[in-house]
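The values are calculated or read from the model by the stated rules, or taken from the named source; none is laboratory data. These figures come from a predicted structure and were not determined experimentally. Every residue, glycine among them, receives a Cβ derived from its backbone with ideal geometry; neighbour counts consider all protein chains shown. The area values use the complete protein model at the heavy-atom level, side chains included, leaving out ligands, DNA and RNA. Shrake-Rupley method; radii C 1.70, N 1.55, O 1.52, S 1.80 Å.
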Amino acid sequence: MNLIAVRRRLVRSLTVVLLCLGASSLSGGMASAFAAGDADAGAVKAYTCLGCHGVEHYVNSYPTFHVPRIAGQNAEYLIAALKAYRSKERSHQTMQSNANLLTDQDIEDISAWFAAQGKAAP
Amino acid sequence: MSRFIMTLVQPAFGRSANRFGGYFCRRGVLSGTPTVLAGALAIAVTVFPIAAEASGDAAAGKEKAATCTACHGADGISTAPNFPILAGQYESYLAQALKSYRDGSRQNAIMAGFATALSDEDIADLSAWFASQPGPLQTAPRP
């Protein structure tokens, strides 16, 4: 086997490796960009949330403040908030108890549904 | 008055004081208050905290909000999806969030840095400003 043939083979295998790397990083990127939850599935899973977040002017007691409006909120923020409640990094007994039962998929689905329920732009 | 009773009760019972305080105020148990007074107290306990928080000056809040707008948008509608939309959020919730960041009970490296510099009045004004802005937030509709 002469030197040129070896070099060709090397180039070919390198190309294959690079192509594979490119493809995997591309699909990785697509996966994270499309990781948004399923809002339809979220509609069912969000039913419990509406006990508080579906009541206009509903108030949290001790300390007293309004339960936040979350319909129309950014999904990414809602996901972060639910995960922080689940890990108990963010404190609120009721939210921690509810988030504790959720899988990552549940959190993404619920967040997608709430994010899609905002007011239409005027 | 309700605040005053809470102040008395809180050190003795710690975190659960609010719950107990509220209960006793409503029942009029605390000092054997007559029923009418107990009723008045119940109303004070229920209404006063919210009324007290809704006193922010939105115009002053707009002036103070310059720093916030870098992440939360000029009108409280954040451009980056990881930052929450503040426009149209409940004033009392925004104030609660800022106070929690300030006292460290809610942890966020970015928000802690800003919130520690805020006075109660700043928090009230900022909350009033962002709450008064139009945006997509609303109470979730029932499916």
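Taking all protein chains together and a probe of 1.4 Å, list B:142, A:86, A:69 from the most accessible to the least accessible.
Values: B:142 130, A:86 70, A:69 40 Å².
Final ranking, largest accessible area leading: B:142, A:86, A:69.
Need the full-extension length gain, residue A:116 to residue A:100, defined as separation in residues times 0.36 nm minus the C-alpha distance. One decimal, nm.
Extra length from residue A:116 to residue A:100 when fully extended: 3.4 nm.
Arrange the residues A:40, A:109 by how much accessible surface each exposes, largest first, with a 1.4 angstrom probe.
On the way: A:40 125, A:109 5 Å².
Sorted descending by solvent-accessible area, the residues read A:40, A:109.
Pull up all non-local amide H partners of residue A:66: gap of 5 or more, or a different chain, and H-to-H distance under 5 Å with H placed in the peptide plane.
Here A:60, B:92, B:93 satisfy the definition.
Around residue B:64, what is the net charge, scoring Lys/Arg as +1 and Asp/Glu as -1 over all other residues with Cβ under 9 Å from its Cβ?
Values: positive: B:62; negative: B:63, B:122, B:125.
Net charge in that neighbourhood comes out at -2.
Counting every Cα pair in segment B:58-132, what percent are over 15 Å apart?
Numbers: 1381 of 2775 pairs.
Tail of P(r) above 15 Å: 50 percent of Cα pairs.
How many angstrom separate the Cα center of segment B:79-143 from the Cα center of segment A:78-122?
Cα centroid of segment B:79-143 versus Cα centroid of segment A:78-122: 17 Å apart.
Could you work out, residue by residue across B:83-93, how many beta carbons of other chains sit within 10 Å of that residue's beta carbon, and then give the average as an integer? Let's see the in-between values first.
On the way: counts 4, 9, 8, 1, 1, 4, 5, 8, 2, 8, 7.
Averaged over the peptide's residues, the number is 5.
Could you order B:110, B:85 by accessible surface area, starting with the largest, using a probe radius of 1.4 Å? The partial results should precede the final answer.
Numbers: B:110 90, B:85 10 Å².
Output order, biggest surface exposure first: B:110, B:85.
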